[in-house]
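Scroll down for the structure; my scribbles are underneath it.
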Amino acid sequence: MITNSEVEKIVILYKDRLLRFGFEIIENLCNKYGTTIEIIDNTEKAEEQELVEDLIQIVTVFSFRLQGKRANKAKKMIKELLKGDTGKES
């Protein structure tokens, strides 16, 4: 939509709400096609603070993925065990 000049303005509360990484790429794309980005709370953070927040976000995402994989593996094992139990009853 941006590349078709269908969007005039993007309004976001915080800079990282548009996307976590690579904001500058989207910002340059918007500038090229005449789309403005308005950031409501544009308080600048120290680089260290941004790095800490990014690392926390990365760890959180991967921990949820691992947890999801474990849950799926447990469900499969339960189904297999239940299938095995029903076959032995006859």
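Brief remarks follow.
- Here ASN31 fits the description: polar (S, T, N, Q) and assigned by TED's automatic domain parsing to the domain that holds SER5.
- Matching residues, the stretch 6-36, being in a strand (DSSP E or B) and within 20 Å of the chain's Cα centre (by Cα): ILE10, VAL11, ILE12
- From the options LYS32, LYS88, LYS9, residue that is at pLDDT below 85 and not polar (S, T, N, Q): LYS88
- Residue that is surrounded by the most Cβ atoms within 10 Å (Cβ to Cβ), among those in the stretch 14-50 that are of a type in the set (Ser, Thr, Tyr) and under 16 Å from ILE2 (Cα atoms): THR35
- A residue that is among the acidic types (Asp, Glu) and modelled with pLDDT under 80 cannot be found anywhere in the stretch 61-83.
- For LYS45, the requirement of being out of contact with any Cys (no Cβ under 7 Å at 6 or more places or on another chain), in contact (Cβ under 8 Å) with a residue 24 or more places away in the chain and of a type in the set (D, E, K, R) is not met.
The values are calculated or read from the model by the stated rules, or taken from the named source; none is laboratory data. Computed from a predicted structure; not experimentally measured. Neighbour counts are summed over all protein chains in view; Cβ atoms, including those assigned to glycine, are modelled from backbone coordinates with ideal geometry.
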